[in-house]
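A short write-up of the structure that comes next.
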Amino acid sequence: MLSSPRPWPGADETTPRGRPRRWAFALAVVALLAQMAIVMVTTAVEQTPTIDEPVYVGAAVAYLDQHSLRYNPEHPPLGKLIIAAGVAFAGPHLDRSFAGDESQLGQQVLYRSGNDPGRLILLGRLPVIVVTLLFGLVVLAFARDLVGPVGGLVALALYAFSPDVIANGSLATLDVPVAGFLLTSVWLVWRARDRPGRYLPLAGLALGAAVATKMSALAAVPVVLGLAVLSFRHASPTRWLRRGAVAAAGVGVLAIVVVWASYLVVDPQLRWEPPADAAPVVHGLRAIVDWLPLPEPYRYGMRFQFGLEDQVWGTFLFGRHYDGPLWYYLPAALLVKTPLGMLALWVAGAAVMLSVPRLRIAAPYVLVPTVVLFVAAMTGSRDLGVRYVVFTPMFLAVAAAFVVILRVRWARVLAAAMVAFTAVSSLLTFPYYLPYSNEAFGGPANTHLVLHDSNVDWGQDLGRLAARLREDYAGQPVWLVYKGSGLPSYYGIRAADPLAVPPDQVHGLLAVSDSAVAKDDPKLMALLATSTPVDDVGHSITLYRR
């Protein structure tokens, strides 16, 4: 069992009768993480590169081979350094004469430099899988500190069976790492309530790791610093305000140091030349970017992100296409993409935490960060997937653990049933975790009818499409509308573009990415109106007969 500070009023509720034996506890932890590891590795092996992965893997190769910060400056380096830890085993190289942009870089590294793209992308995914499993231990420890070992197992089970965590934790992307580092920082701040000298510096390092992975973590900085003051007040009730503010400032300084270190690891000389497509000039409140004590590439990336937010992005929700964001998109998408048993336990756990006075002290550490980060995500202009709020199943798994506090037999039986329901729902979608939706919305086979992009089809099934065409449709003329970063010809797909010729010339088999259908392109929709669906690949690509 992990060590923890002295118990607080909620942490003793499962002892002694509710405390599992140590061997049983350890066995349950190993079993949960082992099944998570198996499904994530299997998923990683079977999926071809998603849209974002070639960019991150290409940037990782540039870090390793050229120590260059040129590519993908809109995201800080740490997450890509994690990916690089695996990619390094392939020994890839980047031609120094290459002068393309970051999207072309991914194609160059994966398909045009003599590398094995399947091996390279898998090596990039494996370190993310490892850190995803480690964050499972953080979920376990956080919930165990709050409500005891039984609650810790409930939280870990929800985390280990979360389709969104599994789907995104199996990819060489940044969403799970940034969410996990944020959860870790909050857990360490909670522990600082008893030992601030030990845990606040560690919290600063974890917060810095989050900010050095993805800029969306900046929304959590004031929350974590405020919680640091709150924890210091508990540890030192007298003269706590000034000393707490100093301690919080120390956390912030350590976070800044980590950000600088992540850039210096890539290039100790911190050489930086802005790309030709310079980020927009910012005005008003956004101009504070220029005053932040962060490396210039980081500040450039923030300006670049502001430019992306100012664009108009398409949204697809419940079968309708919209131009621009919907404020309720993320709550609605999360409702679709979360197992029903998990949703029930989230609500029940949060209700217990808020309704029992002695337990409310945990709410600022578990619920407030979740709400602040969620609201910040809802203000964005890119309604492209629940991956932007993948911190939610992490924090709310901890919240759900509070159901074990109830000293009512039916409550624990019902909680166990909801965990089992979640596990079954998750396992039944294997290995198609990206297009998961719960039973109320028809399951993975019907997710494309209500959501799009990384919720369903992120280009991950190009390899599966190639296999299906070889096995079941060999020799037939194929037309392809593919939304992704993969190279169809590499996988042996010989297909023409049906949108490049008159509709009356399109005959045979038409393979269409479901995310392309969601864009509601008039020419494509006219083709599909006179075609018959005959098959689907991975619940993300539909095959039509014309």
Consider the candidate values [x] 4, 19, 31, 28, 14, 3, 1, 0, 0; [y] 4, 18, 27, 27, 16, 7, 2, 0, 0; [z] 3, 14, 18, 19, 19, 14, 7, 3, 2, 0, 0; state which one is P(r) over Cα pairs in 10 Å bins from 0, in percent computed from the structure displayed.
[y]
Within region 227-272, which chymotrypsin sites (Phe, Trp or Tyr not before Pro) sit in a loop by DSSP and count at most 16 neighbouring Cβ atoms inside 10 Å?
Trp272
Filtering trypsin sites (Lys or Arg not before Pro) in region 79-165 by DSSP loop and by at most 15 other Cβ atoms within 10 Å leaves Arg96, Arg112
Relative contact order (%) - the chain, alpha-carbon pairs under 8 angstrom, separation at least six
17 percent
Note on region 46-103: alpha-carbon gyration tensor, axes a ≥ b ≥ c; rule is a/c under 1.5 for rounded, else prolate if a/b larger than b/c, else oblate; result rounded
Rounded to the nearest 10 Å², what accessible area does Asp95 show when all protein chains are kept and the probe is 1.4 Å?
80 Å²
Using only Cα atoms, locate the centre of region 297-350 and the centre of region 40-119, then give the distance between them in Å, rounded to an integer.
26 Å
Per-residue accessible area for Phe306 at 1.4 Å probe radius, Å² rounded to 10?
50 Å²
Exposure rank, largest accessible area first [Asp453, Asp520; 1.4 Å]:
Asp520, Asp453
Quick check on packing: order 248-255, 50-57 by the mean number of other C-beta atoms within 10 Å, highest mean leading.
50-57, 248-255
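What is the calculated FRET efficiency for Arg198 to Gln476, with r their C-beta to C-beta distance and R₀ = 45 Å, to the nearest 0.05?
Numbers: r = 65 Å, r/R0 = 1.45.
That pair, Arg198 with Gln476, gives E of 0.10.
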Looking at the square roots a ≥ b ≥ c of the eigenvalues of the Cα gyration tensor of region 123-195, which shape do they give, rounded for a/c under 1.5, prolate if a/b is larger than b/c, or oblate?
oblate
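Would you mind telling me the share, in percent, of accessible area of the chain contributed by carbon and sulfur at probe 1.4 angstrom?
Taking all protein chains in place, the chain shows 64 percent carbon and sulfur surface.
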How are the C-alpha pair distances of region 252-319 spread across 10 Å bins, as whole percents from the shortest bin up?
17, 40, 28, 12, 4, 0
C-alpha long axis of helix 221-235 to longest principal axis of the chain, angle in °
20 degrees
Let me see the P(r) profile for region 338-447: every Cα-Cα distance counted, bins of 10 Å, each bin given as a percent of all pairs.
13, 38, 35, 13, 1
Calculate how steeply helix 409-428 sits against the longest principal axis of the alpha-carbon atoms of the chain, using the helix alpha-carbon long axis, and give the answer as 0 to 90 degrees to the nearest 10.
20 degrees
Expressed per residue, the solvent accessible area of the chain in Å² (1.4 Å probe) is about 40 Å²
Kindly provide the helix-only [θ] at 222 nm of the chain, computed as the sum of -39,500 (n - 2.57) over DSSP H runs of four or more divided by all residues, to the nearest 500 deg cm²/dmol?
-17500 deg cm²/dmol
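The values are calculated or read from the model by the stated rules, or taken from the named source; none is laboratory data. Everything numeric in this text was worked out from a predicted model, so none of it was measured. Every residue, glycine as well, gets a Cβ built from its backbone with ideal geometry; the counts of neighbours run over all protein chains shown. With ligands, DNA and RNA removed, areas are computed over all heavy atoms of the protein, side chains included. Shrake-Rupley method; radii C 1.70, N 1.55, O 1.52, S 1.80 Å.
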